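All remarks here apply to the structure that follows.
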Amino acid sequence: MTSSQDWGLARRIGFRFGVVFGALLIFPFPLNVLPKTETLTELLRQPLGWATHWFGEAVLGLPALASESNGSGDRTYDYVQLLLLAILGGIGVAAWSAFDRRRSHPQLAAAVRVALRYYVGYMMLSYGLSKVFRHQFTDMRPYALRTVLGDASPMGLLWDFMNYSAPYTIFGGLCEAVAGFLLLWRRTAAVGAVMVVAVMTNVVMLNFSYDVCVKLFSTRLLVMAALIALPDVRRLLAAALGRATPELPPRVRMPARHERARRIAKAALLVAMAVRLGLAVDRGRIKDRVHELYGNWVVDTFTADGVEHPLLTTDPARWQLMTAHITIVMIRLMPGGSDPPDPDHDYYAWKVDEASHTMTVTIDAAKKLDETWHYTHPTPDRLVIDGTHLGRSLHVALHAAPPSLLTTRGFHWINDVPFNR
């Protein structure tokens, strides 16, 4: 245990700032791990949301910040909130130091490390299992197979790289999940923290290098893992260099009644984590169910308001390709005579009902404007759509696009010549 004399001014200030700032970052953990607490945790987050909006507009002079969840963790809102939390952390340090001049906080430091272990462990398990069960990365998206490489975004390129190989994705997920699991136990926490640092260093580099919009969150997990590993750095280095390494000292025991309460609380938290992670895996399995229209469909004939449009590149009203994803449909139109050719793309959220052979296409989510198309599927590679789209009555006949080389090449132990296209 660290003695009080070892804590200098810089360490005291740094520790106190880390405690306040970190607590604000992970709030309301572990409450948000418990099932059926979504409404409560949302209410608990609201004051910070209001404070972030006020700080951005009144102090920084920024326009109204969009805080609705859209899949990005690197919004202006998130950076403003991070700055606000840092300022609140500084205020907390000043107040703490004014009322408490003790030179060290060894017991609190041990408790904080436990809290970080469980938080990072849960997050790594969550992300790891989403990869193992192929929810975060599923397969090659149909529209990616028909997109010119140069038209892909850096993040889209990385996503397709991960989507392509199930073994590699599952391997990465297992590394994350095992590292997270090891963090949940005191005797394996150091190894788990080192694994998280290794895994998350790679993730952070990918996020920064491919402009993935979770840079802040992934960096946060990396820093937290490094802090968990920090007290054991000397022991780990000694072991790596083949030197004698002292055994991990036993944990300081509390009175029997407190020990029972601690064991019960730990068991309850682990059960809650298991339930929450199990529910997430189950939801992902349902969400990612592929329907019978999944894939790319080439338009053979296109009739609008009773008039058939021939296959002309100068006709921007004619459909060229329909890409059917799980929850999104993309309509690729003819180039319209542009030079160079630059086909337009219309993206819509949709839902396919195989029982009634209908597609519900959301044209404007804000206005709740939907269209219902009917389809027939005479053979596995043929599709006919009838419906009204943007005020026009459509009759569209399509055939399934042939499989791409990327999905059919497969794995080969022997390559007598390189196959690199």
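Across segment 314-330, rounded Karplus estimates of 3J(HN,Hα) from the backbone phi angles (6.51 cos²θ - 1.76 cosθ + 1.60, θ = phi - 60°) give 8, 9, x, 7, 8, 6, 10, 8, 10, 9, 9, 9, 5, 10, 9, 10, 10 Hz, Gly and Pro being marked x. In the calculated pair-distance distribution of the chain, the portion above 35 angstrom amounts to 46 percent of the Cα-Cα pairs. Backbone geometry of segment 40-48 corresponds, through the Karplus equation with coefficients 6.51, -1.76 and 1.60 at θ = phi - 60°, to 3J(HN,Hα) couplings of 5, 5, 5, 5, 5, 7, 4, x, 5 Hz, x marking Gly and Pro.
Each Lys and Arg Cβ is given +1 and each Asp and Glu Cβ -1; about its Cα centre, the chain then shows a dipole of about 3520 debye. Averaging the sequence gap over all C-alpha pairs within less than 8 Å and six or more residues apart, then dividing by the number of residues, gives segment 1-147 a relative contact order of 35 percent. Based on C-alpha pairs under 8 angstrom that are at least 6 apart in sequence, segment 295-404 has a relative contact order of 25 percent. At 4 °C and a viscosity of 1.567 mPa s, what translational diffusion coefficient does Stokes-Einstein give for segment 295-404, taking Rh as the Kirkwood radius over Cα pairs? Give it in µm²/s as a whole number. Diffusion coefficient, whole number: 90 µm²/s. Based on Cα contacts under 8 Å between residues 6+ apart, the chain shows a relative contact order of 11 percent. Loop-resident GluC sites (Glu not before Pro) (DSSP state other than H, G, I, E or B) in segment 1-103 with no more than 15 further Cβ atoms inside 10 Å of their Cβ: E68. Residues whose amide H lies under 5 Å from that of L321, counting only those 5 or more places away or on a different chain, are V299, R332; hydrogens are built 1.01 Å from N in the peptide plane.
Per-residue Karplus couplings for segment 259-265, computed as 6.51 cos²θ - 1.76 cosθ + 1.60 with θ equal to phi - 60°, are listed in order as 5, 4, 5, 5, 5, 5, 5 Hz, Gly and Pro entered as x. Close amide-amide hydrogen proximity is noted between W350 and I328, V329, T362, each under 5 Å apart and 5 or more residues distant or on a separate chain (H modeled in the peptide plane; Pro and chain starts excluded).
Peptides 366-374, 188-196, ordered by how many other C-beta atoms sit within 10 Å of their residues on average, highest first, read 188-196, 366-374. Sparsely packed loop sites in segment 189-228 (the chymotrypsin sites (Phe, Trp or Tyr not before Pro) outside DSSP H, G, I, E and B with at most 16 other Cβ atoms within 10 Å) comprise Y210. Normalised size of segment 61-168, defined as Cα radius of gyration per 2.2 N^0.38 Å with N residues, equals 1.64. Over the C-alpha atoms of segment 16-68, the Rg to Rh ratio, Rh being the Kirkwood estimate, stands at 1.06.
No lab work stands behind these numbers, since they all come straight from the coordinates. Here the structure is a predicted model, which means the values were calculated and not measured. Neighbour counts run over all protein chains shown; Cβ positions are idealised from the backbone, glycine included.
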